[in-house]
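Undergrad: Following this message is one structure expressed as structure tokens.
The values are calculated or read from the model by the stated rules, or taken from the named source; none is laboratory data. Only a predicted model underlies this, so the values are computations on that prediction, with no experimental measurement involved. So basically every Cβ, Gly included, is an ideal-geometry build from the backbone, and we count neighbours across all protein chains shown.
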Amino acid sequence: MTEILLTLISTALINNFVLHWPLGVDPLLGSERRQVHALGISTACLMLVVGILGYALYHWFLVPLELTSLRLFVLLPLSVLLIAPLLKLLARVFSTLSFEGLWPLLLGNAGVLGLTLLNAREDKGLFHAAALSLGAGLGFWLVLVLFNDLRQRTLDNDVPLPFRGLPIELISAGLIAVAFLGFSGLIKT
């Protein structure tokens with residue numbers, strides 16, 4: 001149980017998919033202010049569902065049939081096919097949030113595919129895969145909220161003309177990554 005909890009915390013804070021491994025940066029830069037929590041919830045849920053199902057498909061279907069070389073052709077359509085039903089379900093559950101227009105951001109999120117491939121590579125059990133998936137989703141949501149707050153603060157300030165737009169957003173993402181480096185000594189292996 002301790003190892004699963006450490007995996008969850010480590011994935012969310014230390015080995016963050018957006019900051020440590022630059023996976024899922026496109027939705028981070030393409031998100032709108034009003035859809036931050038909707039994108040965070042939908043990405044976290046998608047990572048959790050696809051991570052668990054991808055682990056089960058790979059280790060319980062592809063490995064016994066010795067079809068491991070087809071993992072990309074199985075895991076990529078899995079994530080694509082689950083986006084629309086997940087968004088419909090989340091729109092019913094969270095009726096106050098707007099999930100309109102999130103399909104392209106979830107489709108282009110390389111963090112989901114990277115997570116499923118990482119779960120396929122490591123065979124530490126289903127609970128470890130679930131903890132890794134949930135930690136990656138929560139870490140993405142945390143970075144998304146922090147980045148949106150920093151983006152809002154830069155909009156209110158006088159930023160020099162050459163740094164307006166994408167350059168200041170990339171600098172902001174780098175500053176958040178440096179701030180997350182402080183968590184690197186949190187868990188010793």
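Undergrad: Can you tell which of V159, V145 is within 14 Å of V18 (Cβ to Cβ) and among the β-branched types (V, I, T)? It would help to see each step written out before you state the result.
TA: Working: V159 fails: within 14 Å of V18 (Cβ to Cβ).
Every option except V145 fails the conditions.
Undergrad: List the number of the failed condition for L72; all other conditions in (1) buried (at least 21 other Cβ atoms within 10 Å of the Cβ); (2) farther than 24 Å from M1 by Cα; (3) not acidic (D, E) hold.
TA: With respect to (1) buried (at least 21 other Cβ atoms within 10 Å of the Cβ); (2) farther than 24 Å from M1 by Cα; (3) not acidic (D, E), L72 is out only on (1).
Undergrad: If the Cβ limit is 8 Å and pairs must be 6+ apart or interchain, which residue in the range 76-87 that is closer than 15 Å to Y58 by Cβ pairs with which residue that is β-branched (V, I, T) and in a helix (DSSP H, G or I)?
TA: Matching pairs, first to second residue: L78/V50; L78/T116; S79/V50; S79/V112; S79/T116.
Undergrad: Of everything in the range 131-174, what is of a type in the set (A, V, I, L, M), surrounded by fewer than 12 Cβ atoms within 10 Å (Cβ to Cβ) and either at pLDDT 85 or above or out of contact with any helix residue (DSSP H, G or I) (no Cβ under 8 Å at 6 or more places or on another chain) (or both)? Give them in sequence order.
TA: Within the range 131-174, L155, L161 qualify.
Undergrad: Looking only at the range 95-145, count every residue that is touching a residue at least 40 places away in the same chain (Cβ under 8 Å) and either of a type in the set (F, W, Y) or in contact with a strand residue (DSSP E or B) (Cβ under 9 Å, 6 or more places away or on another chain) (or both) and tell me the total.
TA: Going through the range 95-145 one residue at a time, the tally reaches 4.
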